[in-house]
Amino acid sequence: MPLSRFPRRALLAAALSCACTVHAQSATDLDAVKVTAERTHASTGALGDRSLHDTPFAITAVGREQLEQRQVVSLGEAFLLDPSVTTQVSAYASGWSSPIRNRGIDLSYDSYRVNGLQVSSWGTEWPLEVMEQVELLKGPGGFMYGFGQPGGIVNYVTKKPTDLPTLSAQLGWREQGIVSAGVDSGGRFGHEQMFGYRFNAYQEKGETFNGGDVDRKVAALSLDARLSDAVTWTFDGVFQQRDLSGESPQYYFIGLTSLPRALAGDVDNGVPGTYYDTRSSLLSTALDWQISSNWKASFSYGFTSSWNDVNKIFAYIDDTNGDYDVNVYELGGKSEWKLAQALLQGRFQTGPLKHQVVAGASHQTGLGWDRPYEWSTIGRGNLYQRPTLRHDAVGSRVLSRGSETVQKALFASDTVDVGGGWSVLLGARYNDFENKGSYHTYPVTPTYAVMFKPNAAWTLYASYVESLEAGSRVGTDYLNAGDVLDPTISKQREVGAKVESSRWSGNVAAFRLERGANIDRLTNAGRLLVQDGITLYEGIEASADVRVTDALTVGGGATWLDPTYDKLSPSSASQQGNRTVGAARWSGVLHASWQLPWVDGLEAYAAGRYYGDVWYDADNTLKLPDYTLFNAGVGYRMQAAGHAVTWRGSVENLTNRRYWSNAGVGLPRTFAVSVRLDL
């Protein structure tokens, strides 16, 4: 008989305790848990390298320390403490939806970068275990990165070679029965330490909380060579294989005006035979040249690919008793991107004006292959009864060429320091974007900003930015399935303030974003997806962290959003002024970390996150209610045989709240423990 959850947790805890207690010699201080976002430095694409504090845009960056302290395994968890970001799916619930939504807007599969290179997040997330930092540039990223959803751009930064030798090993366990192991090694070698390396490997395998099975393998290698005092060569490679079987269905509500009773997140409604398998890889190289103390150039080339094979269940819930059609969707495909970029950054002075300039050019190609999809209804099911159906894949796996895109760009910006703490940013990107067989467009997306720094701690700014958003392909549940919609221009105006001092830090931003709207249009023959009017997002977000004492840090934040459909045609007039789908009017977070005084090296953290109610449909007939989740954790660092050992334990959804998220069933109460040994 399988062990119950409690005995398995108890046995694991006892085994880990015995393994290290016998070697324990002394305790040492554990670094304070920084449960706030790292506010140091981020890559900003065509804006070049600059500190977060000196950018006229809202950017959240989460560093390695925070990812480890909260035992983060998904992008939504990484940005938990940002009140503007909501999670679309939990780590093991489904591989279908976009991982996060920012300021009420989904990020599309092409809104993600690794080291600035476009990658696909369709059906998977990139592995946080091999990343040093993950960044979210909020709002349109057209000037910085080219095409992308106006909700923002996520950029993962891989771990880099270390100057000093480093070697660590980690073991973990996560409910219901997922065991993980990883190794991280880095250092330098060669004449005068010319060469650097960083190697990471990670695997997790076992039963998910909702009855599925996951097997994920990750490997990453980063190299550099200091060819001279001025020239450095770098290489990065990342590979991930993720196989998920028996996953929870993807739930949709059809024609309902009230919800069925919320389902527990750990209920197993998976259909045997289903699976969601992905492969992701990245290879990139760059040459950085420090021309002088004021000028530097870089030349980079990267290749990324994504492959998926899917046999998935879509549950169309059509009554409040929880009954649904069991629909099977078999599909698969492959995508590849190649990007070459040259970038020049420098500083100079003309009279009293100081200039920080960035100029560059890029060429990116994207290729896609698709296999024939299969969509069928195989029966009926109910939320509260275990499915008795089974479905094994029957579709063809032969791939044929699908999409092909070419994006060529020239970009430049100049940040002019005019004195007295004032500076002005002017920038523009010229895009030559072709979706072969569909459209060819040549937009220029500008950005303007004014910044004022009354002192080193404060930055006040006002900015305007435009972004070109590629037209999406219409999904299979529309009459015009397969059509590619036209590209649209998004426009955002933002004013904000950032402060960073020794005892507290914070930021506030007010924004207005206009985006082309995709509207469901009902006809006698069925439903069409059309472009009509705009979606308007106006809001204010604010957050702050205060170091109350050397041992206690508290923080929090809130976002207010007014998201509406506007400027609709008469055929869609009934939706005019409605709140946009999936966008909460209010959201907020409170968190704290405390180095406990009773035991050296012991600390605790807690966080409470409020998610406001959202409308499920553009007609505003079905509302998903608000909910609040609580997370908590402890950490302890000790010495064992002369090596640092770090223990961590955490729990998500502490009260085991049942709730509907916009993508389906919410996360159940989930425990995780880990131990890391630094050799």
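The values are calculated or read from the model by the stated rules, or taken from the named source; none is laboratory data. Because the structure is predicted, anything quoted here is derived from the model rather than measured. Cβ atoms come from the backbone with ideal geometry, glycine included; neighbour counts cover every protein chain shown.
For region 175-189, give me each residue that is touching a Gly at 6+ places or on another chain (Cβ under 9 Å) and over 30 Å from Pro668 (Cβ atoms). Outline the logic, then answer.
If we filter region 175-189 for residues that are touching a Gly at 6+ places or on another chain (Cβ under 9 Å), which is where we start, we get 176-182, 186-189.
Scanning region 175-189 gives Gly186, Gly187, Arg188, Phe189.
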Q. Which ones in region 114-140 are free of Cβ contacts under 8 Å to residues at least 60 places away in the same chain and not polar (S, T, N, Q)?
A. Glu125
Q. Looking only at region 203-242, which residues are assigned to a loop (DSSP other than H, G, I, E, B), crowded, with 16+ Cβ neighbours inside 10 Å and not polar (S, T, N, Q)?
A. Phe209, Gly211, Gly212
(Q) Restricting to region 429-472, and then to whatever is buried (at least 17 other Cβ atoms within 10 Å of the Cβ), outside any loop (DSSP other than H, G, I, E, B) and aliphatic (A, V, I, L, M), can you tell me which residue is modelled with the lowest pLDDT? (A) Leu468
Q: Determine which single condition Ser185 fails, assuming it passes every other condition in (1) within 25 Å of Thr304 (Cα to Cα); (2) surrounded by 17 or more Cβ atoms within 10 Å (Cβ to Cβ); (3) among the hydroxyl-bearing types (Ser, Thr, Tyr).
A: (2)
Q | Filtered residue count, region 520-557, keeping only those that are outside any strand (DSSP E or B) and either closer than 19 Å to Glu466 by Cα or modelled with pLDDT under 90 (or both) | A | 2
**Q.** Test result for Arg493, surrounded by fewer than 16 Cβ atoms within 10 Å (Cβ to Cβ) and assigned to a strand (DSSP E or B)
**A.** no
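Residue by residue, here is whether (1) within 30 Å of Gly649 (Cβ to Cβ); (2) surrounded by 16 or more Cβ atoms within 10 Å (Cβ to Cβ) holds:
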residue: Asp545; (1), (2): yes, yes
residue: Thr549; (1), (2): yes, no
residue: Leu590; (1), (2): yes, yes
residue: Tyr610; (1), (2): yes, yes
residue: Asp613; (1), (2): no, no
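Give region 391-425 a look and list any residue that's of a type outside the set (Phe, Trp, Tyr), farther than 30 Å from Asp309 by Cβ, in contact with a Phe, Trp or Tyr (Cβ under 6 Å, 6 or more places away or on another chain) and not in a loop (DSSP other than H, G, I, E, B), or say none. First the steps, then the outcome.
Kept after step one, since they are of a type outside the set (Phe, Trp, Tyr), are these residues of region 391-425: 391-410, 412-421, 423-425.
Add one more test, that the residue is farther than 30 Å from Asp309 by Cβ, and what stays is 408-410, 412-421, 423-425.
Subset that is in contact with a Phe, Trp or Tyr (Cβ under 6 Å, 6 or more places away or on another chain): 410, 421.
Selection gives Leu410 alone.
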Q) Does Ala558 satisfy the criteria of being within 25 Å of the chain's Cα centre (by Cα), over 27 Å from Tyr659 (Cα atoms) and not β-branched (Val, Ile, Thr)? A) no
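Looking only at strands (runs of 3 or more DSSP E) that fall completely inside region 96-197, which ones have 2 or more residues that are on the phi > 0 side of the Ramachandran plot?
Working: elements: 100-102, 112-114, 117-119, 131-138, 152-158, 166-174, 177-189.
In region 96-197, no matching strands (runs of 3 or more DSSP E) lie anywhere.
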Q. What about Phe299, is it without any contact (Cβ under 8 Å) to a residue 60 or more places away in the chain and touching a Lys or Arg at 6+ places or on another chain (Cβ under 9 Å)?
A. no
Q) If you go through region 502-519 one residue at a time, do you hit one that is out of contact with any strand residue (DSSP E or B) (no Cβ under 7 Å at 6 or more places or on another chain) and at pLDDT below 95? A) yes
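Given the criterion over 14 Å from Thr162 (Cβ atoms) and either more than 22 Å from the chain's Cα centre (by Cα) or among the hydroxyl-bearing types (Ser, Thr, Tyr) (or both), identify the matching residue among Gly190, Gly182. It would help to see each step written out before you state the result.
Values: Gly182 fails: either more than 22 Å from the chain's Cα centre (by Cα) or among the hydroxyl-bearing types (Ser, Thr, Tyr) (or both).
After applying the criteria, what remains is Gly190.
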Q: Would you check if there is a residue in region 436-445 being touching a Leu at 6+ places or on another chain (Cβ under 9 Å) and without any contact (Cβ under 8 Å) to a residue 24 or more places away in the chain?
A: no
Q) Can you tell me which of Pro56, Pro83 is surrounded by 23 or more Cβ atoms within 10 Å (Cβ to Cβ), on the phi < 0 side of the Ramachandran plot, out of contact with any Leu (no Cβ under 9 Å at 6 or more places or on another chain) and touching a residue at least 12 places away in the same chain (Cβ under 8 Å)? A) Pro83
Q: Any chance you could count how many residues in region 207-216 are out of contact with any Lys or Arg (no Cβ under 8 Å at 6 or more places or on another chain) and either under 19 Å from Glu68 (Cα atoms) or modelled with pLDDT of 95 or more (or both)?
A: 0
Q) Of everything in region 496-509 that's free of Cβ contacts under 8 Å to residues at least 40 places away in the same chain and buried (at least 16 other Cβ atoms within 10 Å of the Cβ), which residue is nearest to Ser403 (Cα to Cα)? A) Val508
Q: Please find, within region 621-670, the residue that is modelled with the highest pLDDT out of those that are more than 15 Å from Ala604 (Cα to Cα) and of a type in the set (Phe, Trp, Tyr).
A: Tyr627
Q. Of the residues that sit in region 617-651 and are surrounded by 20 or more Cβ atoms within 10 Å (Cβ to Cβ) and hydroxyl-bearing (Ser, Thr, Tyr), which one is nearest to Pro563 (Cα to Cα)?
A. Ser650
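Pick out the one residue from Val267, Val271 that is over 29 Å from Leu221 (Cα atoms), among the hydrophobic types (A, V, I, L, M, F, W, C) and touching a His at 6+ places or on another chain (Cβ under 9 Å).
Numbers: Val267 fails: touching a His at 6+ places or on another chain (Cβ under 9 Å).
When all the criteria are applied, what remains is Val271.
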Q. Any idea which of (1) touching a Leu at 6+ places or on another chain (Cβ under 7 Å); (2) exposed (fewer than 14 other Cβ atoms within 10 Å of the Cβ); (3) closer than 30 Å to Ile317 by Cβ is the one Val418 doesn't satisfy?
A. (3)
